Every structure is written in structure tokens, then in C-alpha cells.
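The structure appears below as C-alpha cells.
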Amino acid sequence: SQQGEEDPQALSIQEGENATMNCSYKTSINNLQWYRQNSGRGLVHLILIRSNEREKHSGRLRVTLDTSKKSSSLLITASRAADTASYFCATAEYQGGKLIFGQGTELSVKP
Amino acid sequence: NAGVTQTPKFQVLKTGQSMTLQCAQDMNHEYMSWYRQDPGMGLRLIHYSVGAGITDQGEVPNGYNVSRSTTEDFPLRLLSAAPSQTSVYFCASSSPRHGQETQYFGPGTRLLVL
């Protein structure tokens, strides 16, 4: 069974707005990763956050992790049409462990 | 570096046929994985390998075989194709032992089983 549940399943916003996606998981983890997939392409890694971290930034991306609630959120600020893609969270129970992916959030950014 | 390459890009099979999906990486990564992606779903792990000669099952291994004779290659074999195996297949590699826990994905193979 899949570890991560993502919410919302689909999100449509205007360019310049912020986009927030949430991920919940079931078991304890070593790290949580976010990936992006453009239509018909492979996944591209965005950011990794470890279980002892609460927040991490990378450019316009901000990821938070709440291990007590077993949840994470991905915030994309000042979104662009080029951010249109599906976003997946994935968890590893231990360092180097296999990744279990969520079902993804489909983001549409309208110009 | 080419990264992770997959062949073929697209394949049509008839029920009962067998085939091998090829995956190769040139980054000297010890970990390699196969996933399938079905419409509206995330990726589900089929098989993975932590090094040459070592493989293990993921969430959905039935109907698939793997072997890892070299660090570079990790082929996925469909023994007797079924329509339920129609999917997009992704190969990925990583190197957790060297602090590289993120996975690098190939472009995918689209498989249609009639």
C-alpha cells in the first residue's frame, strides 16, 4: 500500500499566486522527498527534508515537516505557468531505504 | 553523463508475450529501482537492487523478474504479459551510501498489452 496521501489531488491557480500541497504518511520516516513530473516525463527531485528538520527552503520552494502529525507541505511561491506539473511526495523509513510515493497533486498554473 | 536511460520508449505486446525493459545508468550508483505508474496514481515500486547481485521485491513484484549482474544495468523482465501490466515504467538510481539519497529517473517506457 502507498505510504503517502496527498491533498489536494488537483489544484488550479493563477500565475503569481502561491501553491500549497500537503502530504500525509503512516509510518515513522528517516526522510521525505518531493518530486516533480511534467506530463509524459520522468520525475525530477526537488527537495529532501530529514526527520530532524522542520523546514527547508530552495529557491521558491518551502517544505515543512511535522513528524508528530506525520505530515509535510510543499509551498511554491509566486507560481509561474512553467510550474504546471504533478508533484509527488515520497518517504524513506530509514537512510537509504526504498522510497514509497504518494499519489500526487496535479498543479495547473494559468497565465 | 547520460544519467539514466531506458529502452524502448514505447512497446506494444500481445497477452502472453515476454519482453525485457532495459535500464542503464552511468553515475556509478549502487541503488536501482523499477516503478510502474498507472493513471491517477503515484509510482509503485516493483523491484529494487542495492548493488550488483542483490535484488529485492517492492510493492507489486508479481509477473516481473529482475537481475543485477553489473552496477550499470538493471533489466526488468515481463514473463507473460497481461493487460493489467499496461502502464508506464520508470527506472531510477541513487547512491545513499555516498549521501545521495535522491533518485534520478529515466524517461520511462510506455507499455501497452493487448
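The values are calculated or read from the model by the stated rules, or taken from the named source; none is laboratory data. Computed from a prediction, not measured in an experiment: that's the story for all the values here. A quick note on method: Cβ atoms are made from the backbone with ideal geometry, for glycine too, and the neighbour counts reach across all protein chains shown.
Regarding A:Ala92, is this residue surrounded by 16 or more Cβ atoms within 10 Å (Cβ to Cβ) and over 16 Å from B:Gln37 (Cβ atoms)? The answer is yes for A:Ala92.
Of all residues in the stretch B:87-110, those being crowded, with 23+ Cβ neighbours inside 10 Å, of a type in the set (Gly, Ala, Ser) and more than 9 Å from every other protein chain (Cβ to nearest Cβ) number 1. One residue stands out in the stretch A:6-54 among those that are in contact (Cβ under 8 Å) with a residue 40 or more places away in the chain and in contact with a Gly (Cβ under 6 Å, 6 or more places away or on another chain): the one that is farthest from the other protein chains (Cβ to nearest Cβ), namely A:Tyr25. Counting only strands (runs of 3 or more DSSP E) that fall entirely inside the stretch A:59-111 and contain at least 2 residues that are without any contact (Cβ under 8 Å) to a residue 60 or more places away in the chain, the qualifying elements are A:61-66, A:71-76, A:85-92.
Note on the stretch A:10-34: residues that are outside any loop (DSSP other than H, G, I, E, B) and small (Gly, Ala, Ser) total 4.
Only a single item in (1) of a type outside the set (Ser, Thr, Tyr); (2) at positive phi; (3) in a strand (DSSP E or B) is not met by B:Met32, and it is number (2).
Remark: A:Gly102 matches the filter, which requires a residue to be facing chain B (nearest Cβ under 9 Å) and in contact with an Asp or Glu (Cβ under 9 Å, 6 or more places away or on another chain).
Selection of the stretch B:29-43 for residues being at the interface with chain A (Cβ under 8 Å from one of its Cβ atoms) and in contact with a helix residue (DSSP H, G or I) (Cβ under 9 Å, 6 or more places away or on another chain) yields only B:Tyr31.
Residues in the stretch B:85-103 that are hydroxyl-bearing (Ser, Thr, Tyr) and more than 13 Å from A:Val44 (Cα to Cα): B:Thr86, B:Ser87, B:Tyr89, B:Ser95. Specify the residue that is surrounded by the fewest Cβ atoms within 10 Å (Cβ to Cβ); the eligible residues are those in the stretch B:37-58 that are out of contact with any Lys or Arg (no Cβ under 9 Å at 6 or more places or on another chain) and part of a loop (DSSP other than H, G, I, E, B). Of everything passing the filter in the stretch B:37-58, B:Pro39 is surrounded by the fewest Cβ atoms within 10 Å (Cβ to Cβ). Does the stretch B:12-19 contain any residue that is of a type in the set (Ser, Thr, Tyr), surrounded by 19 or more Cβ atoms within 10 Å (Cβ to Cβ) and either modelled with pLDDT of 95 or more or over 21 Å from A:Gly104 (Cα atoms) (or both)? No, the conditions are met nowhere in the stretch B:12-19.
Would you confirm whether or not the stretch B:15-28 contains a residue that is within 11 Å of another protein chain (Cβ to nearest Cβ) and in a strand (DSSP E or B)? No, the stretch B:15-28 has no match at all.
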